[in-house]
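A quick write-up on the structure given underneath.
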Amino acid sequence: MLDKDNKYYSDKLVNEALKQEPGWFLKDNFADLVAEKAGRNFAWTQYIREFAIYLAAIIGIFVVTAVMALIWFENDWKIWSDFLISNIWLVAGINILALFILFADRVLLRYFLYRAESKKDFAG
Amino acid sequence: MEDSELVHQVIGGNNNAFRFLVSKHQRLVLHVVGRIVQQQDQVEDVCQDVFIKVFKTLKNFRGDSKLSTWIASIAYNTAITHIRKQKRRNELSYNEQPLLLADEQDSGLNQKVLEIEEAHRYLLKLIETLPVHYRTVLTLYHLEEFSYKEIVEITGMPEGTIKSYLNRARTLLKGKIEKVARLEQTNIFADYA
């Protein structure tokens, strides 16, 4: 039979068991793996943000130029819109190509270079 | 390094600072996630998710609580979401309600529980059979030594519920180990005397 002392000891035993490490484990290089993953994530976000800033600046310059041309130099917006509409595929194609080049230059290339570099560092 | 300084460095993109943050808190995250997820092959993935979430949302950390409390709350929520998703996929039965410790588990284990070390192992197994919220509060309170207030912040449970879970879990474990001692007709506590 358990006596009063044994109740005390069962308490002690439970307390000790509750302080024991559970059997779960992580790889030894877990911190490095996570830091590398987070670093890639940070780099991607940063490159996308920079791309967006570039894009906004370029669009801004175009808009300001167009407004200046229309207001100060009294250009006819009808001629512009007719030109854009009649050459819609050409205009769209040039814009998409320019956008892709900017994206590749500001985001993709830099990201893949960063990945290759961090993989080399990680392996080394 | 102070928590605020560390957070500042990580937000600034210092990868070494983040590596340091992960090393510092990975034991805490492992304990919380491990006790909830209970599957070694998934524990590491969930722990990774936790730290990536920490990285992405660190700018929202206002320093109202300790960084460890904040990280533990992310670990708790991520692990709970993970097992709920699994439940939906019917890969694992998720027990929100307290489950009774199955008697059939005694038969094999009773015979082994003769020494203190085995009793510890047996108790660890019993802890793993407790309902998820019991396991979580036991881990946070006893293993990680968080206060009731901090456990409230981490889990969002009321303080009374936490105290009740702790008390009931301890009573269950004590009752079980005393029952085993009686059934074995042996004194597993002899080593303590």
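The values are calculated or read from the model by the stated rules, or taken from the named source; none is laboratory data. All values reported here derive from a predicted model rather than from experimental measurement. For neighbour counting, all protein chains shown are included, and Cβ atoms are generated from backbone atoms with ideal geometry for every residue, glycine included. What goes into the accessible areas is simple: the full protein's heavy atoms, side chains included, and nothing from ligands, DNA or RNA. Shrake-Rupley method; radii C 1.70, N 1.55, O 1.52, S 1.80 Å.
Things worth noting here:
- In the stretch B:119-150, of all residues being within 11 Å of another protein chain (Cβ to nearest Cβ) and acidic (Asp, Glu), the one that is farthest from the chain's Cα centre (by Cα) corresponds to B:Glu145.
- The stretch A:24-56: number of residues that are more than 26 Å from A:Leu108 (Cα to Cα), aliphatic (A, V, I, L, M) and either more than 14 Å from chain B (Cβ to nearest Cβ) or open to solvent by 60 Å² or more (accessible area, probe 1.4 Å) (or both): 0
- Considering residues of the stretch B:1-29 that are facing chain A (nearest Cβ under 10 Å) and open to solvent by less than 20 Å² (accessible area, probe 1.4 Å) only, the residue nearest to the chain's Cα centre (by Cα): B:Val29
- If only residues of the stretch B:145-160 that are open to solvent by 50 Å² or more (accessible area, probe 1.4 Å) and among the charged types (D, E, K, R) are counted, the one that is farthest from B:Thr69 (Cα to Cα) is B:Glu159.
- Considered as a group, the residues in the stretch A:57-82 that are surrounded by 11 or more Cβ atoms within 10 Å (Cβ to Cβ) and assigned to a helix (DSSP H, G or I) include one that is nearest to the chain's Cα centre (by Cα), and that residue is A:Ile58.
- When restricted to residues that are open to solvent by 30 Å² or more (accessible area, probe 1.4 Å) and facing chain B (nearest Cβ under 7 Å), the stretch A:8-23 contains 6.
- If you check A:Ala56, A:Ala43 for being in contact (Cβ under 8 Å) with a residue 60 or more places away in the chain and small (Gly, Ala, Ser), only one passes: A:Ala43.
- Top-ranked residue of the stretch B:30-70 - restricted to ones that are among the aliphatic types (A, V, I, L, M) and more than 13 Å from the chain's Cα centre (by Cα), ranked as surrounded by the most Cβ atoms within 10 Å (Cβ to Cβ): B:Val50
- Members of the stretch B:33-57 that are aliphatic (A, V, I, L, M), in contact (Cβ under 8 Å) with a residue 12 or more places away in the chain and at the interface with chain A (Cβ under 10 Å from one of its Cβ atoms): B:Val33, B:Val37, B:Val43, B:Val50, B:Val54
- Looking only at the stretch A:84-120, and only at residues there that are over 27 Å from A:Ala52 (Cβ atoms) and loosely packed, with under 11 Cβ neighbours inside 10 Å, the one that is modelled with the lowest pLDDT: A:Lys120
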